[in-house]
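Below you'll find the structure, written out as structure tokens, and then a few comments.
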Amino acid sequence: MRQDREIRSMRMLTHSSELVVRCLPTKSCIRGFTMIEIIIVAVIIAIAAMVAIPMMTSAASMQIRSAANMIAADLEYAKSMAISRQKMYAVVFDKSTESYQIEDPNGVIDHPVKKGFKYIVNFSSDGRLSKVDIVDTDFDTTSEIKFDYLGSPWNGSNEPLNSGVISLQAGGTAMTITVEPVTGFISIED
């Protein structure tokens, strides 16, 4: 019976700060936060961390990844155009101007998205990629890679490709895009 009375006499008081106070008949109080409050704070901290971490990466590393993905996509585009149109398409790199362009036998092609513009990508004039440098392009000592009607890569001297590498650098980060001979498989490496 005494135990029941103690349990009944235990009171829970909730203040505006949501701090729970439990008082026993002996006037000793235990203060603390509820489990829900702790979980809410943990979730808020986790969300803040997820937002802050991407902001901590440098602009140069983001730009070089974007540039490498863009070059790989444009090489794939030139290859698929060569296969679908059954004619040679080339990607011509110019290290001195930090640019490249996609050409067919008639010259630089029109950009499929930017209507009215030629397919020329210039890193130095594009603010999104201005930190990226084309360090080297080596397609069997040429700076041009061509794809035939089968999607097979050729060098700028109209010979089957033996080795195709594009080296990029931004800040202290370097990336390499490789084009495999025969298959034209394109890969990006850190």
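The number of residues in region 150-190 that are farther than 24 Å from Asp133 by Cβ and surrounded by 15 or more Cβ atoms within 10 Å (Cβ to Cβ) comes to 5.
When region 70-80 is limited to residues that are surrounded by fewer than 20 Cβ atoms within 10 Å (Cβ to Cβ) and either without any contact (Cβ under 8 Å) to a residue 40 or more places away in the chain or of a type in the set (Lys, Arg) (or both), the one that is nearest to Thr178 (Cα to Cα) turns out to be Ala73. From the list Ser124, Ser84, the one residue that fits, being surrounded by fewer than 16 Cβ atoms within 10 Å (Cβ to Cβ), outside any strand (DSSP E or B) and without any contact (Cβ under 8 Å) to a residue 12 or more places away in the chain, is Ser84.
Just one of the numbered conditions (1) out of contact with any helix residue (DSSP H, G or I) (no Cβ under 9 Å at 6 or more places or on another chain); (2) touching a residue at least 60 places away in the same chain (Cβ under 8 Å); (3) of a type in the set (A, V, I, L, M) is not true of Ala67: (1).
Selection within region 20-68: residues that are closer than 30 Å to Ser130 by Cβ and in contact with a Lys or Arg (Cβ under 6 Å, 6 or more places away or on another chain). The member of this set that is modelled with the lowest pLDDT is Ala60. What is the one condition in (1) in contact with a helix residue (DSSP H, G or I) (Cβ under 6 Å, 6 or more places away or on another chain); (2) not in a strand (DSSP E or B) that Lys115 does not satisfy? Looking at each condition in turn, Lys115 falls short on (1). Give me the residue from region 127-155 that is in a loop (DSSP other than H, G, I, E, B) and free of Cβ contacts under 8 Å to residues at least 40 places away in the same chain and, out of that set, nearest to the chain's Cα centre (by Cα). So the residue we want is Ser152.
The values are calculated or read from the model by the stated rules, or taken from the named source; none is laboratory data. Treat the numbers as computed from the prediction; the structure is a model and nothing was measured. Here the Cβ is made from the backbone with ideal geometry for all residues, glycine too, and neighbour counts use every protein chain on show.
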